[in-house]
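One structure is given below, encoded as structure tokens.
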Amino acid sequence: MMEAYNYQFTALRGIQSGREYYVAMCPLKLIPKIFLFDEEEIPATLRAQRVLNRARVPEIARYLIENPEDYVFSSITACVDGDIKFVPLAERGYERNAGVLTVSMSSRFLINDGQHRRAAIEEALKENHRLGDETISVVLFVDSGLERSQQLFADLNKHAVRPTRSIGILYDRREPLSNLACEVMEEVPVFAGLTETEKTTISNRSTKLFTLSAIYQANQALLKKGKKDDYSDEERKQAIAFWTTLSEIIPEWRQIIKQEVSAAELRRDFVHTHGIALHTLGLVGHTLIEAYPNDWQKRLKPLAKINWQRTNPQWEGRAMIRGKMSKAGDNVQLTANAIKQALDLTLSTKEAALEETMLVSAGAN
């Protein structure tokens, strides 16, 4: 028999693997109270969930707090160990699988998927209690012991695939730099129609030249902005003007705009079509515009004379390691150093020290 004190949820009943499960609507204010996360310091073999990464929680909570009228959370999945009773709306027809789910308050709810959402909801409610009456869907499985709970966790995560960075930027309208990357992609001649918006890597035969994620990173370096920082209309115009100017200066970029060469050929043969080059051009652009705000455009002209070919030994140890492109931090800076020197820009003390270290290493080899 059910206990005198119970939780009741509006729910749908379904069948998977011959077992009943339920999809219930749960008020956010109940989530921290009834859904437990297995956080005890016990071996993984005796847990049904991974250890909570608390560093992820503030960002998710902030998303909920900052977008109270425009957020979306996917379902939490949990196992229930306790007395459950489902009363359908009708004995026949489609209403036989819709009804009221009653769960005794002494039951144990153990989250299999969504522990970070649960923790973020708890934090967000402390700042905005009005969110408590909103609901989140919860998929509830009847508990069949630790082994079944562990298998549920494994199955739920086995086929999960995170979206690529590029498509995340394309669809994200909340983050300012994502919007800027999309605007720059559409406005700059060498990016328009030549940007890969779904993948973060480009195949050898692709007709695309750059990835949207690389453009995002390059703009971030150019404007020296943090992930959440906004930008002014003047900065937007400046970013578009900078990359448009480079489209006119770098010979091979002009060629592909005129369709005189293929993207595959350029990516195969030249450094300036890879993410590290865009990143370093952004870094150098920031320094150049800061030093020469009134005539930075004409000071970019020496870039037309740089030998950007991958066969140029200058790039080994900078943009490339043993003939392969490298995005390592030191390689980004060393590539930026070479471009700065071509533009007669002074290296900082740290940049000069890194340059000296590389030259000494190259001489020793």
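The values are calculated or read from the model by the stated rules, or taken from the named source; none is laboratory data. Owing to the predicted nature of the structure, the values given are computational and were not obtained by experimental measurement. Heads up, the Cβs are rebuilt from the backbone with ideal geometry, glycines too, and the neighbour counts pull from every protein chain shown.
For region 314-358, residues that are within 13 Å of H279 (Cα to Cα), in a helix (DSSP H, G or I) and either of a type in the set (S, T, N, Q) or in contact with a strand residue (DSSP E or B) (Cβ under 8 Å, 6 or more places away or on another chain) (or both) total 4.
In region 54-83, of all residues being out of contact with any helix residue (DSSP H, G or I) (no Cβ under 7 Å at 6 or more places or on another chain), modelled with pLDDT under 90 and not acidic (D, E), the one that is farthest from A124 (Cα to Cα) corresponds to G82. Of the residues making up region 182-225, those that are within 15 Å of T244 (Cα to Cα) and either of a type in the set (S, T, Y) or part of a helix (DSSP H, G or I) (or both) are C182, E183, V184, M185, E186, E187, T195, I215, A218, N219, L222.
Looking at region 235-245, can you tell me whether even one residue there is among the hydroxyl-bearing types (S, T, Y), assigned to a helix (DSSP H, G or I) and crowded, with 22+ Cβ neighbours inside 10 Å? Checked against the condition, which is being among the hydroxyl-bearing types (S, T, Y), assigned to a helix (DSSP H, G or I) and crowded, with 22+ Cβ neighbours inside 10 Å, region 235-245 yields no hits at all. Taking (1) among the hydroxyl-bearing types (S, T, Y); (2) at pLDDT 95 or above; (3) under 19 Å from V271 (Cβ atoms) in turn, S326 satisfies each apart from (2).
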